[in-house]
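Beneath this line is the structure, given in structure tokens, with notes to follow.
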Amino acid sequence: MIRVAILGSTGSIGRSTLEVISRHPDRFRVVALAANRALGSLVEQVRRYNPVVAVLAEETELRGRQDLPPARWLAGRDALAEITQSPDVDVVVNALVGSAGLEPTIQTLLAGKRLALANKESLVTGGDLVVAAEAAGGGELIPVDSEHSAIMQCLEGSEISSVLRLVLTASGGPFRGWTVEELQEVRPVQALNHPTWSMGAKISVDSATLANKALELIEAHFLYGIDYDSMGVVIHPQSIVHSFVEFVDGSVLAQLGFPTMELPILYALSYPERLADISLQTFDPVKASPLVFEEVDRETFALFGLGERAGKDGGTSPAVFNAANETAVEAFLRERIRFPEMGDVVSGALDRMGSRPVESLEQILEVDREARAVAGKIVHLLER
């Protein structure tokens with residue numbers, strides 16, 4: 001029996017993970033659930049899945065509550081650390097949103113556990129630290145992002161030295177084919193209407209700006225040790241091909257499947273086995289056709305290029321990109337800035353902060369705070 005802890009259990013990835021686990025009660029058991037502020041949803045999950053431990057980031061919401069279902073209720077940052085280091089946990093699914101996921105990622109790997117990573121910001125903000133933690137603690141990092149799960153599956157049995165190029169696919173989001181002028185009037189509700197995936201607000205906006213794909217390039221760099229010049233992105237609106245791997249002999253492997261996060265989640269939980277799951281849709285190449293691929297419009301979607309630039313600059317630049325982007329997305333969702341101005345916020349933060357070598361978790365957390373402050377000032381100027 002594999003004992004699973006889910007950080008970010010009330011988000012879309014967390015909910016999908018629970019659905020997968022519920023279909024395999026003989027293989028997986030939920031022992032811990034953690035959420036940020038969604039106490040009502042967490043209470044419902046605790047009642048249904050009976051974890052030993054339940055964690056809420058905001059301690060104030062637990063005070064005085066006498067109606068909580070049976071579990072060991074904890075709160076705050078230290079409670080997440082307790083979960084990641086518990087001997088009663090075999091696999092930690094990190095589905096937290098944003099840079100808050102970095103510390104639990106490092107703690108899980110240092111504790112020698114399997115980390116099913118859906119929090120791409122961990123590798124973006126502190127990739128060097130995560131790689132070092134995996135080596136030092138003997139933990140195992142299995143990506144949950146569909147693109148990186150696809151790459152991992154295509155690389156099975158191959159040496160990285162045999163890889164010529166990685167190609168990630170992007171749906172193009174809801175504004176594929178739009179011009180910069182048309183994007184000026186985009187409202188948050190439009191950006192949240194993704195054509196092929198059901199995701200949370202922040203990730204949906206990142207997909208609409210293509211910032212998400214830049215984050216995934218940085219993630220792939222640290223996961224597989226591939227140079228940025230040996231990676232690329234193509235627009236693929238059907239979201240059937242999740243990534244390509246081209247080898248030095250000219251062979252190209254791709255992983256295909258209808259859009260669902262449940263497949264990469266199941267793969268991460270059960271690896272190296274493959275479990276049968278009749279709930280997952282059987283692939284039909286006729287129904288999936290035709291498959292379309294296009295170049296990324298870098299001029300219209302400036303955040304993609306900015307993220308790629310941050311990755312190539314290295315050091316603390318990816319952490320700055322991530323923090324400024326999170327700040328910009330929040331400002332856009334509150335309608336404080338226009339859709340294209342998110343790129344202005346991130347560009348300004350990257351220019352002002354530059355890049356420094358990564359030294360420690362504390363340094364990355366400080367860079368994160370500083371970048372948010374800088375980005376916040378730029379948002380304020382744009383509001384005027």
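The values are calculated or read from the model by the stated rules, or taken from the named source; none is laboratory data. Since this is a predicted model, take the numbers as computed values, not measurements. Don't worry about glycine lacking a Cβ; one is built from the backbone with ideal geometry, like all the others, and counts go over all protein chains shown.
Could you please let me know if Val345 is free of Cβ contacts under 8 Å to residues at least 40 places away in the same chain, among the β-branched types (Val, Ile, Thr) and buried (at least 19 other Cβ atoms within 10 Å of the Cβ)? For Val345, the condition - free of Cβ contacts under 8 Å to residues at least 40 places away in the same chain, among the β-branched types (Val, Ile, Thr) and buried (at least 19 other Cβ atoms within 10 Å of the Cβ) - is met.
Does region 140-185 hold any residues that are of a type in the set (Val, Ile, Thr) and within 28 Å of Ala95 (Cα to Cα), and which are they?
Answer for region 140-185, where residues must be of a type in the set (Val, Ile, Thr) and within 28 Å of Ala95 (Cα to Cα): Ile142, Val144, Ile151, Ile160, Val167, Thr169.
The numbered conditions (1) within 30 Å of Glu156 (Cα to Cα); (2) out of contact with any strand residue (DSSP E or B) (no Cβ under 7 Å at 6 or more places or on another chain) are all true for Asn193 except (1). When Ser86 is tested against (1) of a type in the set (Ser, Thr, Tyr); (2) over 30 Å from Phe293 (Cα atoms); (3) surrounded by fewer than 19 Cβ atoms within 10 Å (Cβ to Cβ); (4) at pLDDT 95 or above, only condition (4) is not met.
Counting only helices (runs of 4 or more DSSP H) that fall entirely inside region 238-347 and contain at least 3 residues that are touching a Ser or Thr at 6+ places or on another chain (Cβ under 9 Å), over 25 Å from Met152 (Cα atoms) and not assigned by TED's automatic domain parsing to the domain that holds Val91, the qualifying elements are 302-313, 317-333. Tell me yes or no: at least one residue of region 42-56 is assigned to a strand (DSSP E or B), touching a Pro at 6+ places or on another chain (Cβ under 7 Å) and not charged (D, E, K, R). So far as region 42-56 goes, no, none of its residues is assigned to a strand (DSSP E or B), touching a Pro at 6+ places or on another chain (Cβ under 7 Å) and not charged (D, E, K, R). For region 245-293, the candidate set comprises residues that are of a type in the set (D, E, K, R) and buried (at least 16 other Cβ atoms within 10 Å of the Cβ); within that set, the residue that is nearest to the chain's Cα centre (by Cα) is Glu262.
Per-residue answers, yes or no, for (1) more than 29 Å from Ala371 (Cβ to Cβ); (2) without any contact (Cβ under 8 Å) to a residue 60 or more places away in the chain:
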site: Asp67; (1), (2): yes, yes
site: Arg72; (1), (2): yes, yes
site: Pro87; (1), (2): yes, yes
site: Asp90; (1), (2): yes, no
site: Leu96; (1), (2): no, no
site: Ser99; (1), (2): no, no
site: Glu103; (1), (2): no, no
site: Gln107; (1), (2): no, yes
site: Leu110; (1), (2): no, yes
